[in-house]
Amino acid sequence: MRYKVVPIINTLIQRTFHAAAICIMLALNTVLTVQAEEIVSLDSIVAIVNDDVITQLELKDEFHEVVKNLKKKQAKLPPASVLGKQVLDRMILKRIQLDLANRTGIKVDDTTLSRAINRIAAQNGLSLSEFRENLANQGIDFRRFREEVKSQILLKRLIQRSVINKVNVSDQEIENFLFNVDKQGGLEQAYHIKHILISTPEGASPATIKNASAKAEKLVKNLRSGSDFSSTALAVSDGQNALEGGDLGWRKAGEIPTLFSDVVAKMKRGAISDPIRSPSGFHIISLVDKKGGKVHLVTQTQARHILIKTSIINDNERVIERLSQIRSRIINGEDFATMAKAHSEDTSSASRGGDLGWTKPGTMVPPFEEAMSKLQPGEISEVTQTNFGYHIIEVLGRRNHDDADELIKERARKALKARKVAEQKDAFYRRIRDEAFVEIRLNNT
């Protein structure tokens with residue numbers, strides 16, 4: 001009988017390799033398990049947020065940053081465990097927002113990010129290289145800083161899309177708003193306020209609401225007895241400004257949330273409000289200071305212009321030469337309005353002889369406004385370039401004008417939108433927090 005030696009040898013070799021492979025895999029698995037356990041022991045998880053985690057080291061870094069900023073403000077720090085919970089809550093909300101931004105397709109390209117960082121450097125009076133060196137001297141890693149700027153842009157775009165773009169203000173709302181604001185001291189009345197929120201979950205039971213109410217009542221009593229508001233806010237508030245000691249800064253009357261605008265208007269400096277009930281929980285307000293507004297007069301300018309745009313046929317030199325000739329003809333006696341109707345490429349004003357009407361500061365683009373501001377009535381500018389093309393400008397007159405109705409309505413619209421956005425942001429934060437999967441393990445680490 002003949003044996004098939006080669007197949008038997010191949011089988012033995014395969015089994016040998018197979019056994020060796022299993023041994024190697026088991027060994028690797030053991031090593032990786034040990035390494036994983038070492039990593040977990042070094043940087044344990046303190047919270048799971050949807051598909052993401054927050055580690056002990058991340059919380060520690062954020063905690064130290066918050067403490068450093070609070071010490072700069074000479075704020076009284078609460079116990080580390082209390083402050084740690086506040087910091088973790090803010091980190092959780094941030095992770096939820098970034099996750100939502102990612103899932104809804106919000107992006108930040110490298111060009112936008114680089115421009116943002118360049119602006120930050122310029123605001124500090126530094127070049128980009130100087131700014132990077134400055135960060136390094138402070139022990140701040142540039143790549144981490146870059147990621148933080150990117151996160152802030154993402155959060156801003158998320159709020160723009162999810163809240164701001166959905167807020168509309170009707171003319172009727174403006175009328176009602178102005179009527180109510182007048183009772184609060186007028187649109188220009190401003191208040192410096194601080195805020196504490198004792199939150200209640202959506203659909204809270206009567207017992208939960210009762211406990212939150214009792215906690216708020218006790219806090220009010222302690223605050224009125226001399227407890228520091230900022231320290232209390234740092235320790236117990238569930239509001240978005242807790243880590244700032246509940247400080248909301250100066251707010252115009254129209255920018256204060258509707259919920260407690262009437263209460264604030266009646267408060268005296270240094271007063272503490274009774275708890276104010278809302279769907280979010282119980283609010284406590286401290287009125288730090290208040291001030292009245294001033295009458296606002298605006299200097300308006302009436303001007304007219306002739307615009308000629310560059311094109312493939314008309315380059316910069318030809319346009320400048322043509323406008324210079326038109327300017328000379330006007331100075332020598334030809335009518336500006338007639339020349340504007342014949343030559344200006346601004347179709348909206350050409351039919352009116354180039355007349356732009358009365359405008360207030362900030363209406364025109366900066367180069368145009370700068371040239372216009374240097375002219376006395378009756379004077380005609382040299383050829384001026386803007387992003388629209390080339391202009392010659394004549395100032396017809398100036399006046400101090402009280403455009404109270406338009407100005408008040410414009411400010412009212414902005415203030416009302418700011419108020420509605422603030423209210424909707426709070427509701428948005430609460431909703432996405434309730435909808436997210438969050439498991440906190442802070443007490444187990």
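Readers should treat all values here as calculations from the given coordinates under stated rules, not as data from a laboratory. The shown structure was predicted, so the numbers you read here are calculated from the model rather than taken from an experiment. All Cβ positions, glycine included, derive from the backbone under ideal geometry; neighbour counts span all protein chains shown.
By the count of neighbouring beta-carbon atoms within 10 Å, fewest first, Val149, Val365 end up ordered Val365, Val149.
Amide H contacts of Ala204 (H built 1.01 Å from N, in plane; Pro and chain starts excluded): no residue 5 or more places away or on another chain comes under 5 Å. Straight-line cross-link reach from Lys218 at under 16 Å between alpha-carbon atoms covers these lysines, not counting any fewer than eight positions away in the same chain: Lys210.
Stretching Asn387 away from Asp262 to a fully extended chain increases their span by 40.3 nm, per 0.36 nm per residue minus the current alpha-carbon distance. Here r is the Cβ-Cβ distance between Asn176 and Glu410 and R0 is 25 Å; the resulting FRET efficiency, rounded to 0.05, is 0.90.
This model, with +1 at the C-beta of Lys and Arg and -1 at the C-beta of Asp and Glu, gives region 201-262 a dipole about its Cα centre of some 260 debye.
Residues in region 280-289 carry Karplus couplings, in order, of 7, x, 10, 10, 10, 10, 10, 8, 6, 6 Hz; the curve used is 6.51 cos²θ - 1.76 cosθ + 1.60 with θ = phi - 60°, and Gly or Pro positions show x. Taking other Cβ atoms within 10 Å as a rough exposure proxy, Tyr429, Tyr390, Tyr191 sort from fewest to most as Tyr429, Tyr390, Tyr191.
Which one of Ala337, Thr384, Ile440 is farthest out on the positive end of the charge dipole of region 337-445, using unit charges on Cβ (Lys, Arg +1; Asp, Glu -1) and the Cα centre as origin? Result: Ile440, furthest along the dipole toward the positive end. Where a ≥ b ≥ c are the square roots of the eigenvalues of the C-alpha gyration tensor, would you call region 142-246 rounded, which needs a/c under 1.5, or, failing that, prolate if a/b is larger than b/c, or oblate? Oblate, because a/c is 1.5 or more while a/b does not exceed b/c.
The charge dipole of region 298-401, taken about its Cα centre with unit charges on the Cβ atoms of Lys, Arg (+1), Asp and Glu (-1) only, comes to about 280 debye. Positive-end ranking of His283, Thr299, Ile320 along the dipole of region 274-341, with charges on Cβ about the Cα centre, is headed by His283. Extension gain, Ser311-Thr104: 0.36 nm per intervening residue step, less the Cα-Cα distance, totals 70.4 nm. In this simple spin-label approximation, Lys85 and Asp51 carry label points 7 Å from Cα along the Cα→Cβ vector, and these lie 3.2 nm apart. Under 5 Å between amide hydrogens, built in the peptide plane, is the criterion, and for Lys290 it picks out His192 among residues at least 5 positions away or on other chains. Phi angles across region 347-362 convert, under the Karplus curve 6.51 cos²θ - 1.76 cosθ + 1.60 with θ = phi - 60°, into 3J(HN,Hα) values of 4, 6, 10, 4, 5, 9, x, x, 5, 9, x, 7, 10, 9, x, x Hz, Gly and Pro given as x.
What FRET efficiency comes out for Ala204 versus Asn124 if R0 is 45 angstrom and r is the Cβ-Cβ distance? Round to the nearest 0.05. Computed FRET efficiency for Ala204 and Asn124 comes out at 0.45. Of the residues Thr347, Thr112, the one with the fewest other Cβ atoms within 10 Å heads the list, and the complete ranking is Thr347, Thr112. For Ala47, nonlocal amide neighbours, meaning residues 5 or more places apart or on other chains whose placed amide H falls under 5 Å from its own, are Ile54, Arg441. Taking 0.36 nm per residue of separation and subtracting the current Cα-Cα distance, fully stretching the chain between Asn69 and Val167 would add 32.0 nm.
Rounded to the nearest 20, the Cβ-based charge dipole of region 196-323 about its Cα centre (Lys and Arg +1, Asp and Glu -1) stands at 540 debye. Note on Lys215/Ser114: beta-carbon distance plugged into 1/(1 + (r/R0)^6) with R0 of 51 Å gives a FRET efficiency of 0.60.
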